[in-house]
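What follows is calculated from the coordinates using simple rules that are stated; it is not laboratory data. The model shown is predicted, which means the values in this text are computed figures rather than measured ones. Cβ sites come from the backbone with ideal geometry, for glycine too, and all protein chains shown count toward neighbours.
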Amino acid sequence: MNFDFSDEQVMLRDSVARFIQDDYDFDTRRKIVASDAGMSRENWDTFAELGWLSVPFAEEYGGFGGGPVDLMVMMEEFGKGLVVEPYFATVVLFGGLLSHGGTEAQQSDFIPRIIEGSCLGAFAYLERQSRFELADVKTTATRQGDDYLLHGEKVVVFNGANADTLIVSARTAGEQTDDHGITLFLVPANAPGVELVDYRLMDGQRVANVQLRDVTVGASHVVGAVDEGLPLMQSVILEACVALGAEALGIMGQLNAKTLEYTRTREQFGVPIGSFQALQHRMVDTFMSYEQTKSLLYRAVCALEKADEDPARDIHALKVMVDKAGKHIYGEAIQLHGGMGITDELDIGHYAKRLMMINAIFGNGDYHQGRFNALSYGRNAA
């Protein structure tokens, strides 16, 4: 099988890599994270000018028409730079839901504005009690004539504080944990009844808790089919897990490279600690963890590109490996750097924190191991 990138994909990867190297060093990132917005609008405009915001969208809306591989090469480079701008929240999640389930009018309205950088979006799906279960939804949407009345709370909404528009999951039928009866709605962030409380996660990402107090939206704001929002969410989240896997791979590569360089320069007993065979074995083990993650990422991307196959099993396997390999690699990186490896002044700890957060998004390794077992060996295996 050919895993070589096309010329366009190489150019895309190189453009992101140059931006990270020239304009997004660690100190610059720290200043952006410490800002009130937690992102740089100037950088976001640069993303739009370079065409990065258009990559996964159809050409008819001004997009690049890229696929999973194009998104993978970008997200890997974003991981290397620990980019905090809301590409994942706006393009992958918000834009992905619109691409897969939006009406023609919704796509024509929002996607061109996402591409030009004038629209920031967020996906509000998580609730306090739901943990990793997408179908556990207490937020309600009650039909009133031609409108819906939304009431409830969403938590840890990525880019929630900066978003112009939210896509909110709400229950329109059934019981709290039923698969059927979930509907997705476009909700303006400044709509009456929407209250936001934003805060920073340990990896520097800005999120928000969103309170919906009898928020009124029209039937034209429904994304996808009424009561059938869960399958749409599941398909987009599977793609998002692959994007997160690519970001995690970029982080793992940086941790390995930086730790290897440190072991070559840090001296003990008059020689570099990298000359000690025990440490060389540990570095080889982390490299193998990186390569295993890379292999499963490529397998998941190939599964996504094959329309006649269900990619869920391969993506669950990828998420399990990201958990396992991530803990191994950042654990060894911190150990080999010593106490300074987790200090705020060194980027090693920041890479580790981002890997911890990636592990928790859309289910940790144990959750995805259960899902993998259920698909491979039957429901009772989970």
Subject >> For the chain, fraction of C-alpha pairs farther apart than 30 Å, in % >> reply: 40
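Cβ under 14 Å from Glu175's Cβ, Glu175 left aside: what net charge do those residues give with Lys, Arg +1 and Asp, Glu -1? Each step should come with its number before you reach the end.
On the way: positive: Lys138, Arg171; negative: Glu133, Asp136, Asp178, Asp179, Asp227.
Residues close to Glu175 contribute a combined charge of -3.
Which loop GluC sites (Glu not before Pro) in the range 141-207, with loop taken from DSSP, have no more than 14 other Cβ atoms within 10 angstrom of their Cβ? Walk me through the intermediate numbers first.
Details: sites: Glu153, Glu175, Glu195; in loops: Glu175.
Of the GluC sites (Glu not before Pro), the ones in loops of the range 141-207 whose Cβ has at most 14 other Cβ atoms within 10 Å are Glu175.
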Original post:
Based on the alpha-carbon gyration tensor of the range 7-119 and its eigenvalue square roots a ≥ b ≥ c, which shape applies: rounded if a/c is under 1.5, prolate if not and a/b is larger than b/c, or oblate?
Top reply: oblate
**OP:** Would you calculate a helix-derived [θ] at 222 nm for the chain, using -39,500 (n - 2.57) for each DSSP H run of n ≥ 4 and dividing by the full residue count, to the nearest 500?
**Re:** -16500 deg cm²/dmol
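Report the net charge of residues surrounding Leu249, where surrounding means a beta-carbon distance below 9 angstrom and charges are Lys +1, Arg +1, Asp -1, Glu -1. Please list the in-between numbers first.
Details: positive: Lys294; negative: Glu76, Glu247.
Value of the local net charge: -1.
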Original post:
Comparing Pro112, Pro231, Pro272, which has the greatest mean-square fluctuation in the GNM of the chain with Cα pairs linked when under 10 Å apart?
Top reply: Pro272
Original post:
Using 1/(1 + (r/R0)^6) with R0 = 22 angstrom and r between the beta carbons of Thr177 and Asp366, what's the FRET efficiency to the nearest 0.05?
Top reply: 0.65
Subject >> Largest-first principal axis extents of the Cα set of the range 231-381 (Å) >> reply: 59, 29, 29
Original post:
So, counting K/R as plus one and D/E as minus one, what does the shell of residues with Cβ under 14 Å around Phe158 add up to?
Top reply: 0
Subject >> Separation between Cα centres of the range 330-380 and the range 249-289, rounded to whole Å >> reply: 19
**OP:** Determine, from the Cβ-Cβ distance of Ala48 and Phe269 and an R0 of 35 Å, the FRET efficiency 1/(1 + (r/R0)^6), rounded to the nearest 0.05.
**Re:** 0.10
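Evaluate the Kirkwood expression for the hydrodynamic radius of the range 142-286, namely the inverse of the mean inverse distance over all pairs of different C-alpha atoms, and round to one decimal in Å.
Values: mean 1/r = 0.0529 Å⁻¹.
That comes to 18.9 Å for the range 142-286.
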**OP:** Please build a GNM for the chain, connecting alpha carbons under 10 Å apart, and tell me which residue among Ile273, Ile20, Ile334 fluctuates the most.
**Re:** Ile273
**OP:** Mind jotting down the three principal axis lengths of the range 211-250 based on Cα atoms? Whole angstrom, largest first.
**Re:** 42, 23, 14
Original post:
Where the convex hull is taken over the Cα atoms of the range 123-227, what is its projected area averaged over directions, in nm²?
Top reply: 6.3
